[in-house]
Amino acid sequence: MMILKKTRRNSGLRQMESASSVRRSLERSLRSYLNMLTALKEVPDWQDAYAEINELVKAAKNSAVARKKNNEEPE
């Protein structure tokens, strides 16, 4: 009985998308969304959305750069 349960769980895990695949898909979707916002940034109803998202992107990039810099510094 225990082997059957383990086999079912393993089978379920094999059917799931890998984390790398999900990440690539998410990155593509986010890039497409950002491209759309950038294209619409001059449209009055979209200016606020673009400005807010653009600030979030800047903060995320700065955070990633800071983390990378901290990891490169010798201890």
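The values are calculated or read from the model by the stated rules, or taken from the named source; none is laboratory data. Not measured: the values here are computed from a predicted model. As a convention, Cβ positions derive from the backbone with ideal geometry for all residues, glycine included, and neighbour counts pool all protein chains shown. Surface areas here come from the heavy atoms of the whole protein model, side chains and all, with no ligands, DNA or RNA. Shrake-Rupley method; radii C 1.70, N 1.55, O 1.52, S 1.80 Å.
At-a-glance table
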read-out: Farthest positive-ward along the chain dipole, Cα basis, beta-carbon charges - from Thr38, Leu13, Ile3; value: Ile3
read-out: Portion, in percent, of the accessible area of the chain that falls on carbon or sulfur, probe 1.4 Å; value: 55
read-out: Karplus-derived 3J(HN,Hα), 6.51/-1.76/1.60, for each residue of region 8-14, Hz, glycine and proline x; value: 5, 4, 4, 4, x, 5, 5
read-out: Rounded tilt (10° steps) of 19-39 against the dominant C-alpha axis of the chain; value: 20
read-out: Within the chain: Cβ-based charge dipole about Cα centre, in debye rounded to nearest 20 (Lys, Arg +1; Asp, Glu -1); value: 860
read-out: Accessible area per residue in Å² at 1.4 Å probe, computed on the chain; value: 95
read-out: Residue-averaged [θ]222 nm for the chain, counting only DSSP H segments that reach four residues, each worth -39500 (n - 2.57); value: -29500 deg cm²/dmol
